[in-house]
Amino acid sequence: MPAVGNDNIHCLGEAKLVYLRGLLKDWKFRHLAVLALAGFLIWFFGALRAEWSPMHRWNRAFGDTSLILLAFSMMIGPLSRLWRRATRWLLWRREFGIWGFVAGMVHGGFILIGWVDLEWQRLFGLEYHQVFEKYVMFDKGFGAGNIVGIIALVYALVLSLTSNNISQRWLGVSVWKFLQQGAYVLWILALAHTAYFLYVHFLDYHRQVPEPNQLQWAFAILVATVAALQATAFIRTWRIGRKRNRADGGPEYVS
């Protein structure tokens, strides 16, 4: 009887494992899970800046959440090359990217509505001059930072709209993969946008400089982590390729 009982427990454990693996492959579950994570991150970043004005508080909360979700999407690929079990998480890159884009759009909406009061010219660093009765350049850095952010959102929109099986079949695997490689461009644009507003924008010689943002070090660590994972995965892939090439008797170098 004890043996039978142990077999039942083992079968039950296997059934739960199969169910869990199936759940992780269910796109509806993945969307809900990432949405829940995004909600928690928004709440966390909002609570971290409780003393800020509502516009800046939630603007930054959605922006930071967008960056974190995008970072997760960028880390899964290298992790799958370093740790075989991480390949089961490759499907999640799609959901992380899509909800990262949604959070980024809300972040941009806060800036357009709350910061520049729907005056799109102000997004590009222009301000209305009462004397000249026209918009003149006022803050080049603010405009440049927002232009980078807008380009990043356009990239994210294209990647999000094509992150589905229908687009993959319509475009073909090779074209679809080439298009999705734009995620690296998106990542660089997002880093440039975030780094400017995190380290540079509020530095001024003739106005009071606010206290340094408490997330500056966290941002640096996040960027370093993603870069280290990608570099390590690249080196490992390169070494495996060299070993296979030598085993097949191919040339060590190709000119």
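Quick check: anything in the stretch 93-112 farther than 30 Å from residue 80 by Cα, surrounded by fewer than 14 Cβ atoms within 10 Å (Cβ to Cβ) and of a type in the set (A, V, I, L, M, F, W, C)?
No - not one qualifying residue is present in the stretch 93-112.
Residue 242 passes all but one of (1) of a type outside the set (Asp, Glu); (2) outside any helix (DSSP H, G or I); (3) more than 22 Å from residue 110 (Cα to Cα); which number fails?
Condition (2) is where residue 242 drops out.
Among 60, 49, which is surrounded by 15 or more Cβ atoms within 10 Å (Cβ to Cβ), of a type in the set (Lys, Arg) and closer than 23 Å to residue 155 by Cα?
Details: 49 fails: closer than 23 Å to residue 155 by Cα.
Answer to the selection: 60.
Under 7 Å between Cβ atoms, at least 6 apart or on separate chains: pull out the pairs that start in the stretch 110-127 with a residue that is small (Gly, Ala, Ser) and end on any residue that is assigned to a loop (DSSP other than H, G, I, E, B).
Pairs that qualify, where the first residue is small (Gly, Ala, Ser) and the partner is assigned to a loop (DSSP other than H, G, I, E, B), are 125/138; 125/139.
Name every residue in the stretch 226-236 that is surrounded by fewer than 13 Cβ atoms within 10 Å (Cβ to Cβ) and either under 15 Å from residue 86 (Cβ atoms) or aromatic (Phe, Trp, Tyr) (or both), in order of residue number. Quick ask: steps written out before the conclusion?
Just the residues of the stretch 226-236 that are surrounded by fewer than 13 Cβ atoms within 10 Å (Cβ to Cβ), to begin with: 228, 231, 234-235.
If the condition is that a residue be surrounded by fewer than 13 Cβ atoms within 10 Å (Cβ to Cβ) and either under 15 Å from residue 86 (Cβ atoms) or aromatic (Phe, Trp, Tyr) (or both), then 234 is the only one that fits.
Please specify each residue of the stretch 114-123 satisfying the condition of being out of contact with any Leu (no Cβ under 6 Å at 6 or more places or on another chain) and not in a helix (DSSP H, G or I). Even if it seems obvious, please write down each step before you answer.
The initial filter retains those residues of the stretch 114-123 that are out of contact with any Leu (no Cβ under 6 Å at 6 or more places or on another chain), namely 114-115, 117-123.
Correct list: 117, 118, 119.
Of the conditions (1) closer than 24 Å to residue 56 by Cα; (2) hydrophobic (A, V, I, L, M, F, W, C); (3) touching a Phe, Trp or Tyr at 6+ places or on another chain (Cβ under 7 Å), residue 118 satisfies every one except a single condition; which number is it?
All conditions are met except number (3).
Please identify the pairs in which a residue from the stretch 237-249 that is under 15 Å from residue 78 (Cβ atoms) has its Cβ atom under 7 Å from the Cβ atom of a residue that is assigned to a helix (DSSP H, G or I) and modelled with pLDDT of 80 or more, counting only partners at least 6 apart or on another chain.
237/81
Restricting attention to the stretch 165-181, does a residue exist that is in a helix (DSSP H, G or I), crowded, with 18+ Cβ neighbours inside 10 Å and within 13 Å of the chain's Cα centre (by Cα)?
No, the stretch 165-181 has no match at all.
Please state which one of 150, 98, 76, 111 is in a helix (DSSP H, G or I), out of contact with any helix residue (DSSP H, G or I) (no Cβ under 7 Å at 6 or more places or on another chain) and within 29 Å of residue 35 (Cβ to Cβ).
Working: 98 fails: out of contact with any helix residue (DSSP H, G or I) (no Cβ under 7 Å at 6 or more places or on another chain); 76 fails: out of contact with any helix residue (DSSP H, G or I) (no Cβ under 7 Å at 6 or more places or on another chain); 111 fails: out of contact with any helix residue (DSSP H, G or I) (no Cβ under 7 Å at 6 or more places or on another chain).
Going through 150, 98, 76, 111 in turn, the sole match is 150.
The values are calculated or read from the model by the stated rules, or taken from the named source; none is laboratory data. Note that the coordinates shown come from a computational prediction; the quantities given were computed from them, not determined experimentally. Glycine gets a Cβ as well: all are built from the backbone with ideal geometry, and neighbour counts include every protein chain shown.
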